[in-house]
Amino acid sequence: MAAARDHAAEHGLDAYGHDEWIDWFSVQRNHVIEIPGSGEGIAYVVAHVDKTDANPLKYASLMVNGMLDELVGFANLGQGAWDNATGVSVALEVARTLRDAQPRLTWRILLVGSEESGLRGSRAHVARLTQDEWSRLRFAINIDTVAKDDRDNCVIENASDPQLMASAVRLAGEAGVPLAVGSLPSSASGDHVPFSRTSFGHDLGRGLMFNLVGGLLPQRSWFTRGGSTKVLTFASCDILDWSDYVAGIVLLPTGRLHGPRDRTSRVDLRKLVGRMRRSGLSGGALIMVTGAPDDSDLAVFRLLSRDYVKTVAMTVAQKENEGILQLKRAGAITVLAAPGATWAPAWREAMETAWSTATPG
């Protein structure tokens, strides 16, 4: 969650956000970014920030509603890149875009914790909604495990309102964005579920299904006013394969999800940043702001820089590392500032050295 908050701050969204307690079983938190609209309606974009592995320690934590998650996190071998850093990245980009768009609806970007412990972050959040908020709620969009390198993105038919799904497919086609229609396996769930319908009975049943005996322990999400809204879910097509089902049987991280195969190298950056591409037009400058550059940053640079005349890499590091040197060798203008320092001196020096003549590109 700390990384998600940091990225939100980098987007200038910290003034719009606040943390939200889940309940007494979870040390994780939700983070809510609210972009006010001119009308009365409310819409949600939801993405979970936690990751997990399929291993015996995690299953033991599930029995107590994820209370042990932080203690057993050392055993996680996966990076949580596909599930669900991709969804968080998309949600934050939506928030950044909406901030400058003066939307009609009030948009809440809900970054939830404890999804991997029984949707506990989203269940607790919807339990706090007032009757007035439910009456103003128009729909909720859930983004989970998108941009896989070997499969398309899908709108999920059995986890989406039919009208919203049809609109999504139509708009994607008009924008030239590939979007297929898929479905979730019966064994899978997601943070759209509490928004689609909640009540004490529904929440108790979900707790028993996800946490078994842990579902009998009193929890914040029991105390809900009840409500429902339309939902729309995006995910990679065909999320699970046979290895994921084996993982659920042997309690070992053998699947594509929840294990060491969930790494940044398996995420297709083109699907994540494709909307930033300037197809058919070359010009302007690309500004990248990052810490000490790693392989992921270099991949983004290689993907995007060809569409711009110049690329400026603003890096926060004590000294040049190999990533910065690779950016330089590839033609990027690098601006290096130490943590806590101001950008202005380093920016001025870099511009005077590498881009001293005023040009539009």
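The values are calculated or read from the model by the stated rules, or taken from the named source; none is laboratory data. Everything numeric in this text was worked out from a predicted model, so none of it was measured. Ideal geometry is used to build each Cβ from the backbone, glycine not excepted, and the neighbour counts take in all protein chains shown.
Some observations on this one:
- Of everything in the stretch 293-316 that is among the small types (Gly, Ala, Ser) and more than 14 Å from Ala350 (Cβ to Cβ), the residue that is surrounded by the most Cβ atoms within 10 Å (Cβ to Cβ) is Ser305.
- Residue match in the stretch 219-231 (condition: without any contact (Cβ under 8 Å) to a residue 60 or more places away in the chain, of a type in the set (A, V, I, L, M) and under 27 Å from Asp161 (Cβ atoms)): no
- Taking each residue of the stretch 319-334 that is on the phi > 0 side of the Ramachandran plot and touching a residue at least 12 places away in the same chain (Cβ under 8 Å) and looking for partners that are of a type outside the set (Val, Ile, Thr) and in a strand (DSSP E or B) with beta-carbon atoms closer than 9 Å, six or more apart or interchain, yields Gly331/Lys310.
- Among (1) at pLDDT 95 or above; (2) loosely packed, with under 15 Cβ neighbours inside 10 Å, the one test that Pro185 misses: (1)
- Looking only at the stretch 212-252, and only at residues there that are more than 30 Å from Trp21 (Cβ to Cβ) and touching a strand residue (DSSP E or B) at 6+ places or on another chain (Cβ under 7 Å), the one that is surrounded by the most Cβ atoms within 10 Å (Cβ to Cβ): Ser236
- Long-range neighbours under 9 Å by Cβ, at least six apart or interchain, first residue in the same structural domain as Ala168 (by TED's automatic domain parsing) and modelled with pLDDT under 95 within the stretch 127-154, second of a type in the set (S, T, N, Q) and exposed (fewer than 15 other Cβ atoms within 10 Å of the Cβ): Asp149/Ser265
- Output for the stretch 95-125, where each listed residue is of a type in the set (D, E, K, R) and either buried (at least 24 other Cβ atoms within 10 Å of the Cβ) or under 20 Å from Val267 (Cα atoms) (or both): Glu115, Glu116, Arg120, Arg123
- The stretch 84-105, residues that are under 29 Å from Arg256 (Cβ atoms) and hydrophobic (A, V, I, L, M, F, W, C): Ala85, Val88, Val90, Ala91, Leu92, Val94, Ala95
- Options Arg123, Arg108, Arg151; residue that is part of a helix (DSSP H, G or I) and closer than 30 Å to Asp262 by Cβ: Arg123
- Of the candidates Ile324, Ile239, the single residue that is part of a loop (DSSP other than H, G, I, E, B) and either closer than 24 Å to Val94 by Cα or at pLDDT 80 or above (or both) is Ile239.
- Listed by first and then second residue, the pairs linking a residue in the stretch 167-192 that is within 18 Å of Gly255 (Cβ to Cβ) to a residue that is among the β-branched types (Val, Ile, Thr) and crowded, with 18+ Cβ neighbours inside 10 Å, with Cβ atoms under 7 Å apart and 6 or more places separating them unless they lie on different chains, are Gly182/Ile156; Leu184/Ile156; Ala188/Ile239; Gly190/Thr233.
- Only one entry in Gly12, Gly39, Gly78 is more than 19 Å from the chain's Cα centre (by Cα) and either assigned by TED's automatic domain parsing to the domain that holds Arg123 or free of Cβ contacts under 8 Å to residues at least 60 places away in the same chain (or both), namely Gly39.
- Only listed residue being under 21 Å from Leu257 (Cβ atoms) and aromatic (Phe, Trp, Tyr), chosen from Phe200, Phe210: Phe210
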